[in-house]
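Quick notes on the structure that follows.
Laboratory data are not the source of any read-out in this text; all were calculated from the coordinates shown. On a predicted model such as this, the values are computed, not experimentally measured, just so you know. With ideal geometry, Cβ positions are generated from the backbone for all residues, glycine too; neighbour counts draw on all protein chains shown.
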Amino acid sequence: MRTPQIMAAVLLLALSLGAIDLRADSTGRDIYRQYCATCHGLDARGGNASTLFDDQWEFGNRPEQIRAHIVDGITDMGMPAFGPTLTAAQIDALMAYLTAMQGQAAPPPVRRHQEARTLDYRLKIAHWIPAEAGLRTPWAIDFIDADTALVTEKPGRLRLVVKGRLHPDPIRGIPQVLHARQGGLLDVAVDPAYADNGWIYLGYSHEAGFSIPSPAMTRIVRGRIRHHAWTDEEVIFEAARRTYTSSRHHYGTRIVFDAQGFLYFSIGDRGQQEQAQDLSRPNGKIHRLHRDGRIPADNPFAGRPDALPSIFSFGHRNPQGLAIHPQNGTLWALEHGPRGGDELNRIRSGANYGWPVITYGINYNGTVITNRRQKEGLEQPIYYWRPSTAVCGLNFYTGDMFPFWRQGLLVANLRYRDVRLLSLADERVIHEEVILKDYGRVREAVGGPDGAVYVVVNKPDEILRLSSRGQAPQ
Ligand code: HEC
């Protein structure tokens, strides 16, 4: 008998003896919904973590092992410890619920409609790179020109799309990445002067393999693509090895350029939240560099002996979205926060965004991080989401196809599996609209050179193209 069946048998026996009354089952479900569903998914499809309903136990399938993971967490993986917050009886109820739910896993309902309607436009939804093309966990897209795009796949492949066709072979010779949990090949960015210099930037999880589990950190390189191969590689940012950590989550890793040509990129706190406040460490920061990796002389901490000179802002948890305002050149960031604390921030030089000193969220295991939401000297978000939608990529829309969306922000959400359009007035969000939902977990949504919106989704692994079928009647 396999473990879940043993657990089910024990549960049935306990029920028939009246040792557990049926309310325990619904309690288990409630606890699951409150504490686990944010990561493991509300139904069988999973979310930021794998589903617990599919009878697959990567970390051991004996009930005492599963229980230990709930009580002690799997800290390096981002699985919080619930021992401090749940009683033994609550964990019993959870275990019973998990047992009852085994085998309920089903593929997520995914919409395949070719049309949708938003407040302002009727949309055509094309499966631009459909699941059948074989992309694996696409993470980011950037356009070289009107016909050519580059797409990263998290397992460590860089793909070329020409005129809407995925080139069958990945680009040869890109750096080796650490593909584990949230880590892998993450962002790709095309140099603003690409036509003259041919530079392409990659951000990825870099492994310093001298111990097990090996320490890792975000690393930025640039190179050129010639004859479908990666060449001329230069390291633009590499952190000191002593700052690498063995955790496998919170890498941040988004790259953008401002109008002056400075390069900004983000690194998450790597699961070491207090280090987001430590200016001698690269994690939990947004960095600013010249595109060749040199430190700009006017960086806020340049010349300070106790700080890394590349730091532009700090106190970040996991900023996975960065965007430059198309008109005034300001930097904006989306921060994947704790439970109930996803944020949109306007990033200022030298400013402290407060993590983990202030936050609107609480830990995913329900413990309080801090009761402070505001503090003198610490920045407030422009906007925050509670419940957390699991924000990822961020892009300003500047195209011609959807004039009403211009200067709006396209927000990609993983857990809520949607794309939102935020309308801004100066630095205020004055409206939020879900423009696409349930086509997959959204990594980023970006306006392409043709004005259409390209949406990178996972599960299924696709790139969608949203185009206008005309204005929607009011
Ligand atoms: C903050 C996100 C998060 C929350 C909240 C969370 N988990 Fe997890 N959990 C993870 C991650 C990440 C892993 C490891 C990777 C994976 O399974 O996807 C994990 C793994 C596990 C495992 C081991 C799975 C296996 O395959 O062996 C169990 C059991 C588990 N979680 C139970 C729970 C339960 C029960 C709750 C609610 C009380 C919960 N988790 C809440 C993130 C979370």
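In whole Hz, with x marking every Gly and Pro, tabulate ³J(HN,Hα) for the range 380-389 from phi via Karplus 6.51 cos²θ - 1.76 cosθ + 1.60, θ = phi - 60°.
Using θ = phi - 60°, the values come out as 8, x, 6, 7, 9, 10, 9, x, 5, 8 Hz.
Which residues make up the longest stretch of the chain clear of chymotrypsin sites (Phe, Trp or Tyr not before Pro) that lie in a DSSP loop with no more than 11 other Cβ atoms within 10 Å, not counting the sites?
211-474
Contour minus end-to-end for His227 and Asp55, with contour as 0.36 nm per residue of separation and end-to-end as the Cα-Cα distance?
Computed gain between His227 and Asp55 is 57.4 nm.
Any idea what angle helix 3-16 forms with the longest principal axis of the chain, computed on alpha-carbon atoms, 0 to 90 degrees, nearest 10?
Roughly 40 degrees, rounded to the nearest 10.
Just flag the trypsin sites (Lys or Arg not before Pro) in the range 240-334 sitting in loop per DSSP whose Cβ has no more than 11 other Cβ atoms within 10 Å.
Answer by residue number: Arg294.
Through the Karplus equation 6.51 cos²θ - 1.76 cosθ + 1.60, θ set to phi - 60°, convert the phi angles of the range 262-279 into ³J(HN,Hα) values in whole Hz; use x for Gly and Pro.
6, 9, 10, 8, 10, 10, x, 6, 6, x, 10, 4, 5, 6, 4, 8, 9, 6
Taking only Cα atoms, what is the 0 to 90° angle, nearest 10, from helix 63-72's long axis to the longest principal axis of the chain?
Roughly 50 degrees, rounded to the nearest 10.
About the Cα centre of the chain, how large is the charge dipole given +1 on each Lys and Arg Cβ and -1 on each Asp and Glu Cβ? Please answer in debye to the nearest 20.
Working: 54 positive and 50 negative charges, 62 e Å.
Dipole of the chain, to the nearest 20 debye: 300 debye.
What are the trypsin sites (Lys or Arg not before Pro) within the range 364-427 that DSSP puts in a loop, where the Cβ has at most 12 other Cβ atoms within 10 Å?
Arg372
Can you give the angle from 0 to 90° between the axis of helix 88-101 and the longest principal axis of the chain, with both taken from C-alpha atoms, to the nearest 10?
Relative to the chain, helix 88-101 is tipped by roughly 80 degrees.
Given a Förster distance of 25 angstrom, what is the FRET efficiency for Ala126 paired with Asp169, based on the Cβ-Cβ distance and rounded to 0.05?
0.55
Around Leu410, with a cut-off of 13 angstrom between Cβ atoms, what is the net charge of the other residues, counting Lys and Arg +1 and Asp and Glu -1?
-1
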